[in-house]
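Only one structure is covered here, and it is reproduced in the block below.
The values are calculated or read from the model by the stated rules, or taken from the named source; none is laboratory data. In this text the structure is predicted, and so the values were computed from the model without any measurement. Don't worry about glycine lacking a Cβ; one is built from the backbone with ideal geometry, like all the others, and counts go over all protein chains shown. Accessible surface is based on the protein model in full, side chains and every heavy atom, while ligands, DNA and RNA are left aside. Shrake-Rupley method; radii C 1.70, N 1.55, O 1.52, S 1.80 Å.
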Amino acid sequence: MTANRIEHLLNHSNLIKCLYYNEVLTSADISNYTGKSIPHTIKVLNELIKEGYVAEKGFANSSGGRKPLNYSLIADTHYLLSVAMNQFSAQMVVVDMNNNFVSNVVRYEFDIHLLQAETFVAHLKNFLENCGIPKTNILGIGLTMPGFVDTEAGVNYTFLKVSGHTLVEYIQQNISIPVFLDNDSTAIALAEQKFGVAAHIKNVMVLNLGWGIGLGMILNDKIFRGNNGLAGEFSHIPLFKNGKLCNCGKHGCLETEASLIAVTATAKEGIRQGQITSLANYKEVDADVIITEAIKGDVFSVKLISEAAYHVGEGLAILIHLMNPAAIVLSGKGSVVGKLWLAPIQQAINEHCIPMLTNYTEFIISNLNTKAQLIGGAALVVENFGKKLEDKLAAIEESAYAN
């Protein structure tokens with residue numbers, strides 16, 4: 001792939017973004033979204049149709065007069081690779097220009113604390129060789145992962161450190177595809193904003209209920225990352241005097257009582273002590289098993305989820321007092337049992353929050369569930385359409401010629 005080949009795509013990145021996020025729009029809709037005049041919008045649309053990136057999609061409904069044409073991106077012109085990492089695995093999938101998953105979601109397992117960059121790159125190469133999509137047709141990789149992530153620098157200060165290079169540089173040199181890096185919870189917030197229940201809500205806190213308890217923030221319709229991308233470390237609020245050591249090196253963080261790692265540890269201890277539960281029938285108990293049995297109604301599993309949810313609510317009470325969000329979205333892995341979280345969270349909010357504030361905050365369960373991070377990773381590439389993607393493509397092409 002060359003930068004010249006996709007020049008029109010990058011030069012009209014705002015138009016491409018609005019079609020990617022909305023799938024089908026009229027020229028008037030696109031004009032409103034991009035802030036360009038309708039004649040200019042139609043001119044650009046005709047150029048993109050000629051280049052083979054956009055297609056007419058029939059007529060839209062009209063309240064009177066001539067029906068306007070609908071437009072959409074042609075799905076298979078280019079693709080995006082989304083890589084969603086957590087502490088124990090990475091999921092990879094190829095996404096087309098209409099936000100459809102067009103490959104199998106492949107999972108690679110590891111302990112992220114022990115994972116080396118060269119091993120991760122080997123997983124990427126293996127996926128690319130077997131996904132069925134030519135590498136030259138993939139515009140970029142959206143890599144989303146836990147840890148202290150600086151999106152601008154392309155560095156994860158917690159995991160996958162590379163000597164002499166940033167993580168993004170290292171992967172790009174080995175894969176020859178542009179890479180965009182972000183925190184997993186921020187990516188989930190992006191997915192909820194563009195395709196999920198947070199769409200059209202200006203101020204939202206998005207909880208990533210996973211192995212940890214991440215937070216993505218949407219403030220005034222924009223993803224908020226803080227000064228250098230490190231905002232949202234919700235799970236490290238020091239709430240407890242329990243003496244438990246957190247992965248961050250501090251004691252008593254919310255994560256030590258309410259994360260799925262903590263829930264799993266409590267479940268295993270309960271089984272060892274003779275707790276009557278269907279979890280005892282499993283050879284290995286993990287978060288997926290606990291969630292499955294909670295959905296089936298296992299009393300102990302429900303209790304574990306409920307206690308964790310109450311502690312999450314204690315933390316959310318602090319957030320509500322500080323941020324006054326319109327909504328709090330429960331997303332990520334744990335949102336599959338979203339309804340089990342709501343009652344205990346609400347109980348904690350009622351106990352710890354000023355009623356005036358809680359009256360203006362709605363709790364919403366994600367409809368993206370376990371796909372949220374993968375969707376957010378693809379959207380991360382789209383968000384960087386334009387100059388940033390063009391510069392990365394040019395740098396990769398220049399490096400290839402030099403070698």
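Restricting to segment 313-328, count the residues that are in contact with a Ser or Thr (Cβ under 7 Å, 6 or more places away or on another chain) and of a type in the set (Val, Ile, Thr).
Qualifying residue count, segment 313-328: 2.
Can you name the number of the only condition in (1) in a helix (DSSP H, G or I); (2) buried (at least 22 other Cβ atoms within 10 Å of the Cβ); (3) modelled with pLDDT of 95 or more that Lys303 fails?
Going through the list (1) in a helix (DSSP H, G or I); (2) buried (at least 22 other Cβ atoms within 10 Å of the Cβ); (3) modelled with pLDDT of 95 or more, Lys303 breaks only (2).
If a residue has to be of a type in the set (Gly, Ala, Ser) and either modelled with pLDDT under 90 or open to solvent by 30 Å² or more (accessible area, probe 1.4 Å) (or both) to count, how many in segment 362-393 make the cut?
So the count comes out to 1.
Identify, from the list His251, His236, the residue that is touching an Asp or Glu at 6+ places or on another chain (Cβ under 7 Å), within 20 Å of Ala309 (Cα to Cα) and modelled with pLDDT of 90 or more.
His236
So which strands (runs of 3 or more DSSP E) stay within segment 57-142 end to end and still have 3 or more residues that are of a type in the set (A, V, I, L, M)?
Qualifying strands (runs of 3 or more DSSP E): 79-85, 89-96.
I'd like the full set of residues that are free of Cβ contacts under 8 Å to residues at least 40 places away in the same chain and not in a helix (DSSP H, G or I), limited to segment 321-368.
Cys353, Ile354, Asn359, Tyr360, Glu362, Phe363 - these are the residues of segment 321-368 that are free of Cβ contacts under 8 Å to residues at least 40 places away in the same chain and not in a helix (DSSP H, G or I).
Considering every residue within segment 258-270, establish whether at least one is over 23 Å from Asp111 (Cβ atoms) and touching a helix residue (DSSP H, G or I) at 6+ places or on another chain (Cβ under 8 Å).
Yes; the residues of segment 258-270 include at least one that is over 23 Å from Asp111 (Cβ atoms) and touching a helix residue (DSSP H, G or I) at 6+ places or on another chain (Cβ under 8 Å).
For residues that are among the hydroxyl-bearing types (Ser, Thr, Tyr) and farther than 11 Å from Thr26 by Cβ, scanning just segment 41-71, find the one that is most open to solvent (accessible area, probe 1.4 Å).
If we take residues in segment 41-71 being among the hydroxyl-bearing types (Ser, Thr, Tyr) and farther than 11 Å from Thr26 by Cβ, then Ser63 is most open to solvent (accessible area, probe 1.4 Å).
For segment 272-291, give me each residue that is in a helix (DSSP H, G or I) and open to solvent by 60 Å² or more (accessible area, probe 1.4 Å).
Matches in segment 272-291: Arg272, Asn281, Asp288.
Taking Ile365 and the conditions (1) over 20 Å from Gly212 (Cα atoms); (2) touching a Lys or Arg at 6+ places or on another chain (Cβ under 8 Å), which numbered condition does it fall short on, given that it satisfies the others?
(1)
Give the residues of segment 15-40 that are within 30 Å of Glu397 (Cα to Cα) and either basic (Lys, Arg) or surrounded by fewer than 16 Cβ atoms within 10 Å (Cβ to Cβ) (or both), sorted by residue number.
Listed by number, the list holds a single entry, Lys17.
Within segment 213-232, is even one residue in the same structural domain as Tyr360 (by TED's automatic domain parsing), open to solvent by less than 10 Å² (accessible area, probe 1.4 Å), touching a Cys at 6+ places or on another chain (Cβ under 6 Å) and outside any loop (DSSP other than H, G, I, E, B)?
No, that holds for no residue.
Among Lys194, Lys135, Lys161, Lys125, which is the only one that is open to solvent by 10 Å² or more (accessible area, probe 1.4 Å) and in contact with a Gly (Cβ under 9 Å, 6 or more places away or on another chain)?
Result: Lys194 is the single residue among Lys194, Lys135, Lys161, Lys125 that is open to solvent by 10 Å² or more (accessible area, probe 1.4 Å) and in contact with a Gly (Cβ under 9 Å, 6 or more places away or on another chain).
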